[in-house]
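K.L.:
Just dropping this structure here.
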Amino acid sequence: MFEWRRTLRGTLSGIILAAALLPCLLTASYLIERFRTVSQTATVGALEQVARFLTNDVERDYQLLFATVEQLSSDPDIIYAAYTGAFGAKAQQKLEKVRQIHPAAHGLVIVDAFGWPVEVAPTSLELLELEPISPQLNTFFTDRSALNADVLDIDNGQFVQQIYQLQSRDQKEQVELTSNHLFMVLSPLWMSAADKEELHELVGALVVLMPVHSLINAAEKRLGYAQDMGISILDVSMDGQSLLQTQLDRSTLDRHLQIKVQLELEYTEATIELTLGVERISALQQVEALRTELWAIVAGLIIIFGGVAYLGARHLVQPIMVVNQLVSSYANGDYSKKSLKLSFRELQQMATVLEQMAQRIVDDQHQLEQRVKARTSELQTTNEELRHTMDQLKAAQHQLVEAEKMSQLGQLVAGVAHEINTPVGVAVTAATLLERQAQDLEQHVAEESLTRRALEEYVSSTLQTSEMVRSNLQRAANLIRNFKEVAADQSSEHLRQFGLLDYVNSLIKSLQPELKGYQLDISVDGDETLQLHSYPGAYSQVLTNLIMNSLKHGFYRDKHHHIQISFEVHEQHLLLKYRDDGRGIDAVTLPRIFDPFFTTQRTSGGTGLGLHIVYNVVSQKLGGTIEVHSDIGDGVEFNMRMPLALPNRNDAK
């Protein structure tokens, strides 16, 4: 018996038995709060149901009204009255019938295409001045594309007051309006052609006037069956703006349980909302009285049982604090073994379990440290292998790029050699002829048979042959000089001063062997006085690769093509543009043309490095940017932008 009383469970049972009344009161308080919540929820549910019924009724009425207006807009009597501008008894009768069926239509007016009223219902509105709505009518008739009805919001208190006064017996009586707004429905009246089904001529409009004041009154009448609940309309808003003349303050709104419902009306995209509410006090009056009485009882009981709880807490806190200190020491990293002797069996078991957990944590930490060391070593080895593989890939890519450059230079050498062969061959033939003529002259001199005529023929032939030798050797020298300059620039990375226009023209001349076989015109446009201090070989590589890319991928040999190269200086930058009129590049291929090893003609010997070299030279060596634009069948355009002052480079020398 003594051991049972020393357990924590027995001690807590005694305290709960001594303080049984307090939980009962708290439970009662909780139930009262729940009753309050349920009562409030029920009130809100009833409010939502009333709002739903009201919304359905209002939407149904207005859908029927809009359907009637749409049907009335196609009525021949209505259209004929608007078309002729003459008063029509049948049209007026139909308007009056619609007004009687739909009280929300406070007034109906037929206007012609000039905005003048033709028929009205009720007839008391014949004196109504339509000037306040003239701008809306003019806009409606100006927009000839208006096929459906429009619902407009008119904010004019005097106009609304005039509508009510004209329909009142005492026209001097002022109606206390809850809102200065009214909804105006404009439905077009179209005169159809006799031989066509489509609309032919806009002859007028059917105007329906619906004051918001009447809408609110009709809605409040529909709420008559819910008067015992105290439900009222607090606000009517359109697109977040209140339509009421007098708005409730924040304190009044806070005293109500509110719900907002949205009206879905045709022919308007505006959001119309009704705010319904019921006073909180009337809904929760009995609950609040019961709640006040309960808390008075609870306050007295708390004082009584507070002493009991204090005495019990003193008995429980001491061993719990010892366990708390043990947990705190473990949390601070002190996992040393501690032997505690506690007065409660449950707390003693808890302390034992905590000591076992501390020992397990120490063992797991040791294993984790060993595992982290092993994983770290494996990651370092893997990183080294990846770094070595990346270096090999970069070296291989660099070798392929250099091989591509040398391949282009080799093609240039072969082309120039073929081009030089013709003038050199002609020069050799002319020199051989000159040698034979000299031998003939020597023979005539030796035989003393030289005549004046033979000497003159020899001199004339010698001059012609010498001119032929000189011109062909000069042509070969020019080809060699252009090739030497371009080849030297492409194979070196030295800075020098050069004229860009002359250099581009020389580059194009050196590429003439490659251009043979194509019907091609190349135009160069730019400032001939522009001097650059840069890498001419870089410009040669860029333009050579672009021209060769156009020849291989863009041009047809049996069609005439054109390449345009232009450049200008803008804000300390050189803007270089290259454009051809070839096949163009599709949208799928265009984003990948600068990728290394990407080519659309790999089976034809393409390496996919030409435009990759262009991108690297422009972006890295020249410190610029390059953009490409192309469409299928519209050629390709490259726009390059390089700074005139080159960025700092380690190999600037």
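The values are calculated or read from the model by the stated rules, or taken from the named source; none is laboratory data. Predicted model only: the values in this text are computed from it and were never measured. As a convention, Cβ positions derive from the backbone with ideal geometry for all residues, glycine included, and neighbour counts pool all protein chains shown. Accessible surface areas use protein heavy atoms only, side chains included; no ligands, DNA or RNA. Shrake-Rupley method; radii C 1.70, N 1.55, O 1.52, S 1.80 Å.
K.L.:
Taking 7 Å along the Cα-to-C-beta vector as the label spot, tell me the LYS97-ASP521 distance in nanometres, rounded to one decimal.
P.N.:
Here the answer is 7.9 nm between the modelled labels.
K.L.:
Same structure, new question: Given N residues in the stretch 492-653, what is Rg(Cα) / (2.2 N^0.38 Å)?
P.N.:
Details: Rg = 15.6 Å, N = 162, 2.2 N^0.38 = 15.2 Å.
The reported ratio for this selection is 1.03.
K.L.:
I want the antiparallel fraction of DSSP beta bridges within the stretch 492-653, as a percent rounded to 5. Display every interim value, and only then the final one.
P.N.:
Numbers: 26 of 33 bridges.
The answer is about 80 percent antiparallel.
K.L.:
Kirkwood Rh and Cα-based Rg: tell me the resulting Rg over Rh for the stretch 83-171, rounded to two decimals.
P.N.:
Working: Rg = 13.6 Å, Rh = 14.2 Å.
Here Rg/Rh amounts to 0.95.
K.L.:
Can I ask one more? Using a 1.4 Å probe and ignoring any ligands, DNA or RNA, find the accessible area of PHE53 and quote it in Å² to the nearest 10.
P.N.:
90 Å²
K.L.:
In the stretch 99-164, which GluC sites (Glu not before Pro) fall in coil by DSSP and have 13 or fewer other Cβ atoms within 10 Å? Don't skip to the answer; put the middle values down first.
P.N.:
Values: sites: GLU119, GLU126, GLU129; in loops: GLU129.
The qualifying sites are GLU129.
K.L.:
Give LYS516/LYS621; LYS516/LYS552; LYS516/LYS559 a once-over and call out the pairs whose C-alpha atoms are over 23 Å from each other. Working shown, then result.
P.N.:
Numbers: LYS516/LYS621 31 Å; LYS516/LYS552 13 Å; LYS516/LYS559 13 Å.
Too far apart for the 23 Å limit: LYS516/LYS621.
K.L.:
I need the peptides 346-353, 559-566 ranked by packing, meaning the mean over residues of other C-beta atoms within 10 angstrom, with the highest value on top. Display every interim value, and only then the final one.
P.N.:
Values: 346-353: 15.0, 559-566: 16.5.
In descending order of packing, they fall as 559-566, 346-353.
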